[in-house]
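Working notes, beginning with the structure itself.
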Amino acid sequence: MKIGIISFAHMHALSYANALQKNSHSELTCIWDNDRQRGHEMANKYQTTYYDDLDQMLETDIDAVIICSENVHHKQHVILAANAKKHILCEKPIATEVEDAQEMMAACKNNDVILQVAFPVRFAPTIQEMKQIIREKRIGDILAIRTTNHGQMPGGWFVDPTLSGGGCATDHIVHIVDVLRWILQDEVNDVYAVFDTKFYDIPVEDCGQVILTLESGVVVTIDPSWSRPKTFPTWGDVTLEFFGENGSLKVDALKQHVTYYNDINQRIEEMVYTDDMDEGLINDFIDCVQQQRKPFITGEDGLKTLEVVKACYRSNQLQQKVAL
């Protein structure tokens, strides 16, 4: 199966490319990037072909594309790929505006191509085991959930609202909301959110707190802050703590790691040794295309998470609860 990558703007493109090379059923055939220097560097790194004309790349016989461009460009790139009859894995968030996400989904439906959204946290073994425990009601009905998705401030286009659509809220809330929707089969009813910029001199939010109420009545808190310093041993965390009628369950998706005292780079690093989430995502996407089955993570999943994020921004602006 021949796959092209559209842009290495998002750092996940590197791990996706590595995963493609590990999978015996896929071939990273080509790369397009609007940054020519970066595009040539990545093509040399992965021993593939660089195109500076995206239309020309989409005219080749590739079966699918992985889109890792800046958030605001997802709409353009998804629609171009869909019109070229290429199956699509799109980096999260699906788009920066709800209407854009709806147009992207319609283009994929009209061209009969697969649209999968990149939420790799579903592929963490601890998260999958947690889902099983919750679905079996081993701690009873869920009453409340406390979650975090902290990270380091990524800089670059991530802090340019014209390219990213927002800061830590755009970057991190979607992961938690997707996992909760998947596990609980429940939707968000209303949100209350407060965001601020406390850690860095940047034009987007870098911290905040979100309270969600699900349709079932379960209350969820999310801390999506870019609160990890540059010297922190890993990029961040994904933690969930479920409080049930008969007990509680706490999960740290990145807990399985070794500590590496790296004298070469003069830093301490936490190196995760559990199954690679990004690799699981890529392997599932390849299987999805080959089997022509419904994506495990659909465009609708991406849309639902984006709707929550936009409601959170409205809540912060209005300083009141917002219903979805």
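A few remarks follow.
- Point-charge dipole on Cβ atoms (K/R +1, D/E -1) for the chain, about Cα centre, debye to 20: 480
- Counted charge near residue 21, where neighbours are those whose Cβ lies closer than 12 Å (Asp, Glu -1; Lys, Arg +1): 0
- In terms of its alpha-carbon gyration tensor, the stretch 1-122 comes out rounded; the largest-to-smallest axis ratio a/c stays below the 1.5 threshold.
- Applying a DSSP loop filter and a limit of 12 other Cβ atoms within 10 Å to the trypsin sites (Lys or Arg not before Pro) in the stretch 60-134 leaves 85.
- Sequence of 257, 10, 25 when ordered by accessible area, the most exposed leading, probe 1.4 angstrom: 25, 257, 10
- Taking all protein chains into account, the per residue accessible area for the chain stands at 45 Å² (1.4 Å probe).
- Charged neighbours of residue 194, selected by a Cβ distance under 15 Å, balance to -2 (K, R count +1; D, E count -1).
- Between helix 277-291 and the chain: long-axis angle, C-alpha atoms, 0 to 90°, nearest 10: 60
- The angle between the Cα long axis of helix 299-318 and the main principal axis of the chain comes to about 50°, on a 0 to 90 degree scale.
- Dipole of the stretch 186-230, positive end: most advanced residue of 219, 229, 202 [Cβ charges, Cα centre]: 229
- Prolate/oblate/rounded label for the stretch 91-244 (Cα gyration tensor, a/c 1.5): oblate
- Rough spin-label spacing in nm, given labels placed 7 Å along Cα→Cβ, for residue 323 and residue 262: 4.9
- Selection from 14, 82, 56, by position along the positive dipole direction of the stretch 4-105 (Cβ): 14
- Neighbour-limited loop hits for chymotrypsin sites (Phe, Trp or Tyr not before Pro), the stretch 215-324 (at most 10 other Cβ within 10 Å; DSSP other than H, G, I, E, B): 273
- By the helix-only formula, in which each DSSP H run with n ≥ 4 contributes -39500 (n - 2.57) and the sum is divided by residues, the chain has a 222 nm mean residue ellipticity of -11000 deg cm²/dmol.
- Degrees, to the nearest 10: 98-110 long Cα axis against longest axis of the chain: 50
- For the stretch 116-163: rounded, prolate or oblate by the Cα gyration tensor [a/c cutoff 1.5]: prolate
- For the chain, built as a Gaussian network whose Cα springs stay under 10 Å, the top-fluctuating residue of 272, 159, 204: 272
- For residue 205, the amide hydrogen comes within under 5 Å of the amide hydrogens of 167, 168, counting only partners 5 or more places away or on other chains and with H modelled in the peptide plane.
- In sequence order, calculated HN-Hα J values of the stretch 263-268 (Karplus, 6.51, -1.76, 1.60; Hz; x Gly/Pro): 5, 4, 9, 6, 7, 9
- Taking each of 255/304; 2/85; 92/321; 2/92; 92/230; 22/85 in turn, the alpha-carbon distance tops 18 angstrom for 255/304; 92/321; 2/92; 92/230; 22/85.
- Of the listed residues 264, 211, 31, the order by accessible area with a 1.4 Å probe, largest first, is 264, 211, 31.
- Among the trypsin sites (Lys or Arg not before Pro) within the stretch 231-305, those in coil by DSSP and having at most 12 neighbouring Cβ atoms inside 10 Å are 293.
- For the stretch 119-128, backbone phi angles converted through the Karplus equation (6.51, -1.76, 1.60; θ = phi - 60°) give residue-by-residue couplings of 10, x, 4, 4, 8, 6, x, 5, 5, 5 Hz, Gly and Pro being listed as x.
- In this structure, the amide hydrogen of residue 225, modeled 1.01 Å from its nitrogen in the peptide plane, lies closer than 5 angstrom to those of 149, 208, counting only residues at least 5 positions away or on a different chain.
- Accessible surface of the stretch 1-68 [probe 1.4 Å, protein heavy atoms]: carbon and sulfur percent: 39
- In the stretch 283-322, a dipole from Cβ-located charges (positive for Lys and Arg, negative for Asp and Glu) runs towards its positive end, and of 311, 296, 285 it is 311 whose Cα lies farthest in that direction.
The values are calculated or read from the model by the stated rules, or taken from the named source; none is laboratory data. Worth saying up front: this structure is predicted, and the values here are computed from it rather than measured. FYI the Cβ positions are ideal-geometry reconstructions off the backbone, even for glycines, and counts take in every protein chain you see. Accessible surface is based on the protein model in full, side chains and every heavy atom, while ligands, DNA and RNA are left aside. Shrake-Rupley method; radii C 1.70, N 1.55, O 1.52, S 1.80 Å.
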